[in-house]
Amino acid sequence: MKAFRLDELEAERAANDGAYLQFLRERNMSVGLYALDAGEQDPQNPHKQDEVYFVVSGRASLTVGTETTQVARGSVVYVPAGVAHKFHHITEDLRVLVVFSPPES
């Protein structure tokens, strides 16, 4: 079994001065913690993998392709591989669990 605590993952991510911390990588998927603070810009580009976002905390808008939705704690969003997507109008510090399948390269 592999088990993780969100507070420990957040501390590790912050200590490494990065917005993203991959903490699990298996044959068919990888999982990470993505953090963007209020007012920050999301620099990501489309990925080669399908993604699922689970918003742990915060508030923002998320545009996937041509569709935009509001996300907050408890939101789950699927992003198909190759589709442009960005978080924006981040009004509360955003913490998101990200599942990539297959694993992010």
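The values are calculated or read from the model by the stated rules, or taken from the named source; none is laboratory data. What you see is a predicted model, and the numbers here were worked out from it, not measured in a lab. Protein only, heavy atoms only, side chains kept; ligands, DNA and RNA dropped before computing areas. Shrake-Rupley method; radii C 1.70, N 1.55, O 1.52, S 1.80 Å.
Calculated on the alpha-carbon coordinates, the convex hull of the chain measures out at 99 cubic angstrom per residue.
For the chain, relative contact order (Cα pairs under 8 Å, six or more residues apart, normalised by length) works out to 34 percent. Taking the chain as a Gaussian network of alpha-carbon nodes connected by springs under 10 Å, the highest mean-square fluctuation of the residues F87, F23, F54 belongs to F23. Calculated mean residue ellipticity at 222 nm for the chain: -3000 deg cm²/dmol, from DSSP H runs with n ≥ 4 weighted as -39500 (n - 2.57), summed, divided by the residue count and rounded to 500. Normalised per residue, the accessible area of the chain is 59 Å², obtained with a 1.4 Å probe and no contribution from ligands, DNA or RNA.
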